[in-house]
Amino acid sequence: MASIEIRQARKAYGTFEVLHGVSIDIPDGEFVILVGPSGCGKSTLLRMIAGLETISSGEIAIGNLVVNDLPPKKRDIAMVFQSYALYPHMTVAENMGFSLKLARRSKAEIDQKVGEAADILGLRPLLARKPAQLSGGQRQRVAMGRAIVRDPAVFLFDEPLSNLDAQLRVQMRSEIKALHQRLKTTTVYVTHDQVEAMTMADRIVVMNDGKVEQVGAPLELFDRPANLFVARFIGSPSMNMLDGRIESINGVTTFVSGGFSLPLADSSTGAGEEVVLGFRPEHLSLATPDSTAQLKAEVVVMEPTGTETLLNVTADGHSFLALFRERLEVRSGDEIMLSIDPSNVHLFSKLTGKRL
Amino acid sequence: MMTIAVPNTATRPKLWQRLSFANKTDLVTRILIIAITVALLFYILLPVYWMLKSSFQPNQEIRVLPPIWFPSEATAQPYTNANRLIPMWRYVLNSLFVSVTAAAISTVIACSASYVLARFRFPGATIILGLILLTNLIPAITRVFPIYFFIQDLGLLNSYAGLILAYVGFSLPFAVLMLRGYFISAAPPELEEAALIDGCSHFEAFWRVILPVCLPGIAAVAIFTFLNAWNDFLWASLLLNQGEMKTIQVGIGDFAQEGGGVQYVNAFMAACVVATIPALVVFVFVQRWLVGGLTAGSVKT
Ligand SMILES: Nc1ncnc2c1ncn2[C@@H]1O[C@H](COP(=O)(O)OP(=O)(O)OP(=O)(O)O)[C@@H](O)[C@H]1O
Ligand SMILES: [Mg+2]
């Protein structure tokens with residue numbers, strides 16, 4: 001058990017800096033997920049925590065001990081790789097017991113620990129097999145087993161489920177979550193799967209281009225994205241964006257974009273400011289005659305999934321997504337009137353991208 | 001919980017059923033395939049068999065026409081004879097010593113070099129690889145004089161060390177290229193990283209994980225070097241051609257010139273058998289290492 005503190009960590013390959021000063025505090029026992037677009041430095045950060053990459057500057061501490069100069073084996077961590085990286089020449093049991101063997105534990109203790117982990121993960125019948133004789137899901141489980149046998153202070157996962165099929169991924173997702181609830185080991189987990197991040201994390205760290213954009217609980221990020229990047233990144237289907245400016249109309253702070261205007265519930269934004277209005281597809285509804293802010297839109301594509309209906313519409317030359325719980329009798333080319341719920345919109349400064 | 005079938009010996013199909021053409025219904029095809037295989041085998045094995053049976057026959061019997069295919073009275077006399085005419089066993093030991101040493105040295109060097117070339121990017125790595133490739137493009141015969149004089153200048157003519165040095169040099173380019181490919185494909189960096197995290201030092205990770213995983217490739221390189229050295233005649237005859245230190249191949253060459261092929265055919269054949277057998281034995285014993293598949297499943301590709 002240990003907390004992790006990352007202070008102004010930077011990583012450069014030669015002159016090319018990929019992490020520009022990342023600071024994250026992870027309390028003991030927390031399940032933190034790193035998300036972000038491909039190439040933003042998630043794996044790099046994870047590997048720096050693991051000790052597989054050097055830290056160019058800044059500090060990483062595990063359990064209040066600065067580990068910058070410690071080799072991986074001294075950091076008391078376990079890591080599950082995307083490719084599993086099982087030792088092909090060892091059986092499942094040997095794979096799982098390898099770290100204990102290196103630590104010169106007794107044969108009996110190794111057997112007992114491996115047995116316990118195998119029971120948790122349902123690997124008992126497979127202990128004598130070699131990795132080549134396992135299915136993808138079973139290999140994944142062995143990789144997890146190898147990590148938990150050691151009872152480390154920190155678990156590190158780098159996209160552990162991305163090689164599994166959709167069904168197995170859902171199953172393993174809840175198994176990992178259950179495992180965390182049981183072991184309460186501090187965990188850092190990298191993924192670029194939205195759903196994984198939202199469902200598993202205590203807190204999510206959204207990264208972009210080597211920087212942390214926002215850290216927060218899943219719903220916090222969803223409800224109050226700190227900037228345009230997080231707003232676009234979190235949530236699926238993603239948030240609609242509309243450029244415009246704030247004007248004061250009859251004393252009411254109003255968002256105006258072309259022919260569309262939306263009186264805002266919150267009046268703290270100064271008139272004249274260039275802004276971006278964000279609203280989620282599910283916060284669009286079919287307008288009733290007395291709706292205030294109406295948007296005339298043309299349906300481009302309709303995608304019914306059974307539980308929901310997703311409309312791809314254009315209005316004023318902008319394209320939007322609209323998501324409805326109910327089933328709709330509309331067709332491509334139909335004109336519909338939509339209204340936006342003003343209490344569920346997000347305003348961002350066009351200049352800085354920050355939330356207003 | 002899903003399970004997958006693992007073949008066990010009980011349910012495994014018989015050898016006959018496992019032959020790929022056994023399940024084809026077309027009888028003509030089957031017969032054709034078998035006929036061609038037998039013909040090929042005959043073609044390949046006939047000279048070998050001739051050598052083998054002649055080495056157990058009295059000389060008169062070898063010369064008879066029509067040929068006698070099965071020695072009427074097998075005798076090991078030709079072998080003792082051969083050893084009287086040339087120091088055959090001494091030559092074999094020489095060959096073994098030179099080949100094994102060359103294989104060992106070049107395997108160790110190739111392992112280290114190719115591991116570094118596979119793992120680390122450093123300035124000049126591409127140039128090194130290019131140069132290694134280049135050496136394979138130069139016709140072997142053009143190297144004869146430079147290397148001869150080089151070894152002479154080193155004062156290593158007619159010494160084991162000179163010949164070993166030459167063999168190691170010749171085998172390294174191929175060995176490094178092949179092992180580098182093997183390290184890259186069979187032992188991805190994550191494997192080593194997993195070992196580091198599990199508590200290995202860099203050396204332990206190499207020794208306990210990378211090396212065992214890459215054993216088939218390493219064995220292949222070692223055997224390849226051994227066989228090349230064992231079968232070599234050209235360099236051995238140039239660099240080490242005096243007295244008792246000759247290798248068996250050179251010894252046989254001398255034997256042939258000194259009338260072995262005419263007067264002592266059976267003894268000569270015996271020497272040839274002796275020169276062939278170690279290569280065969282080595283191949284049979286280590287063949288299982290050459291079969292890949294050991295690494296399958298470590299990393300999902
Ligand atoms: N050895 C290296 N030398 C130079 N640049 C590197 C090296 N390793 C990674 N990078 C760069 O660092 C950046 C971050 O890489 P990283 O693997 O951390 O991305 P990631 O967020 O994990 O992406 P993904 O989701 O695709 O796995 C990338 O731009 C990558 O090109
Ligand atoms: Mg990555």
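The values are calculated or read from the model by the stated rules, or taken from the named source; none is laboratory data. The structure displayed is predicted, hence computed values, not measured ones. When we count neighbours, we look across all protein chains shown, and the Cβ atoms used for this are built from the backbone with ideal geometry, even at glycine. Accessible surface areas use protein heavy atoms only, side chains included; no ligands, DNA or RNA. Shrake-Rupley method; radii C 1.70, N 1.55, O 1.52, S 1.80 Å.
Let's see how each residue does on (1) touching a Pro at 6+ places or on another chain (Cβ under 6 Å); (2) away from chain A (no Cβ under 14 Å); (3) in contact (Cβ under 8 Å) with a residue 60 or more places away in the chain:
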residue: B:Phe174; (1), (2), (3): no, yes, no
residue: B:Ala195; (1), (2), (3): no, no, no
residue: B:His202; (1), (2), (3): no, no, no
residue: B:Ala219; (1), (2), (3): no, no, yes
residue: B:Phe224; (1), (2), (3): no, yes, no
residue: B:Trp230; (1), (2), (3): no, yes, yes
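If you go through the range A:77-123 one residue at a time, how many are touching a strand residue (DSSP E or B) at 6+ places or on another chain (Cβ under 7 Å) and open to solvent by 60 Å² or more (accessible area, probe 1.4 Å)?
1
Could you run through the range A:10-29 and say how many residues are crowded, with 18+ Cβ neighbours inside 10 Å and more than 16 Å from ligand 2 (Cβ to nearest atom)?
Within the range A:10-29, residues that are crowded, with 18+ Cβ neighbours inside 10 Å and more than 16 Å from ligand 2 (Cβ to nearest atom) number 2.
Pick from the range A:192-205 the residues that are within 16 Å of ligand 1 (Cβ to nearest atom) and modelled with pLDDT of 95 or more: which of them is farthest from the other protein chains (Cβ to nearest Cβ)?
Applying the filter and picking the extreme gives A:Ile204.
Here are some conditions: (1) away from chain B (no Cβ under 14 Å); (2) open to solvent by 20 Å² or more (accessible area, probe 1.4 Å); (3) more than 16 Å from ligand 2 (Cβ to nearest atom). A:Gly39 meets all but one. Which one does it not meet?
All conditions pass for A:Gly39, except number (3).
Of all residues in the range B:173-209, which are more than 30 Å from A:Asp158 (Cα to Cα) and either out of contact with any Ser or Thr (no Cβ under 9 Å at 6 or more places or on another chain) or open to solvent by 40 Å² or more (accessible area, probe 1.4 Å) (or both)?
As a first pass, look at the range B:173-209 and keep what is more than 30 Å from A:Asp158 (Cα to Cα): B:173-178.
Within the range B:173-209, B:Phe174, B:Leu177, B:Met178 meet the criteria.
When you look at A:Ser248, is it in a strand (DSSP E or B), open to solvent by 50 Å² or more (accessible area, probe 1.4 Å), away from ligand 1 (no atom under 16 Å from the Cβ) and away from every other protein chain (no Cβ under 14 Å), yes or no? Write out each step before concluding.
Numbers: in a strand (DSSP E or B): yes; open to solvent by 50 Å² or more (accessible area, probe 1.4 Å): yes; away from ligand 1 (no atom under 16 Å from the Cβ): yes; away from every other protein chain (no Cβ under 14 Å): yes.
When the stated conditions are applied, A:Ser248 passes them.
Picking from A:Glu247, A:Glu308, A:Glu274, which residue would you name as being closer than 17 Å to A:Leu228 by Cβ and outside the structural domain of A:Leu228 (by TED's automatic domain parsing)? Give the steps one after another, and end with the answer.
Working: A:Glu247 fails: closer than 17 Å to A:Leu228 by Cβ; A:Glu308 fails: closer than 17 Å to A:Leu228 by Cβ.
Testing whether each residue is closer than 17 Å to A:Leu228 by Cβ and outside the structural domain of A:Leu228 (by TED's automatic domain parsing) leaves just A:Glu274.
Does A:Ala178 meet the test of being more than 10 Å from chain B (Cβ to nearest Cβ), within 29 Å of the chain's Cα centre (by Cα) and open to solvent by less than 10 Å² (accessible area, probe 1.4 Å)?
Details: more than 10 Å from chain B (Cβ to nearest Cβ): yes; within 29 Å of the chain's Cα centre (by Cα): yes; open to solvent by less than 10 Å² (accessible area, probe 1.4 Å): no.
So A:Ala178 does not fit the description; no.
Could you tell me which numbered condition A:Glu30 fails, if it satisfies all but one of (1) modelled with pLDDT under 95; (2) more than 12 Å from ligand 1 (Cβ to nearest atom)?
(1) is the only condition that A:Glu30 fails.
Pull up the range B:51-73, narrow it to residues that are assigned to a helix (DSSP H, G or I) and without any contact (Cβ under 8 Å) to a residue 60 or more places away in the chain, then point me to the one that is most open to solvent (accessible area, probe 1.4 Å). Walk me through it before giving the result.
Applying the first criterion (assigned to a helix (DSSP H, G or I)) to the range B:51-73 yields B:51-54, B:59-63.
Add one more test, that the residue is without any contact (Cβ under 8 Å) to a residue 60 or more places away in the chain, and what stays is B:53, B:60-61.
On the way: B:Lys53: 8, B:Gln60: 134, B:Glu61: 24 Å².
Here the residue is B:Gln60.
What strands (runs of 3 or more DSSP E), lying completely within the range A:316-356, carry at least 1 residues that are of a type outside the set (Asp, Glu) and touching a helix residue (DSSP H, G or I) at 6+ places or on another chain (Cβ under 6 Å)? Even if it seems obvious, please write down each step before you answer.
Numbers: elements: A:318-324, A:335-340, A:345-349.
Filter on the range A:316-356 gives A:318-324, A:345-349.
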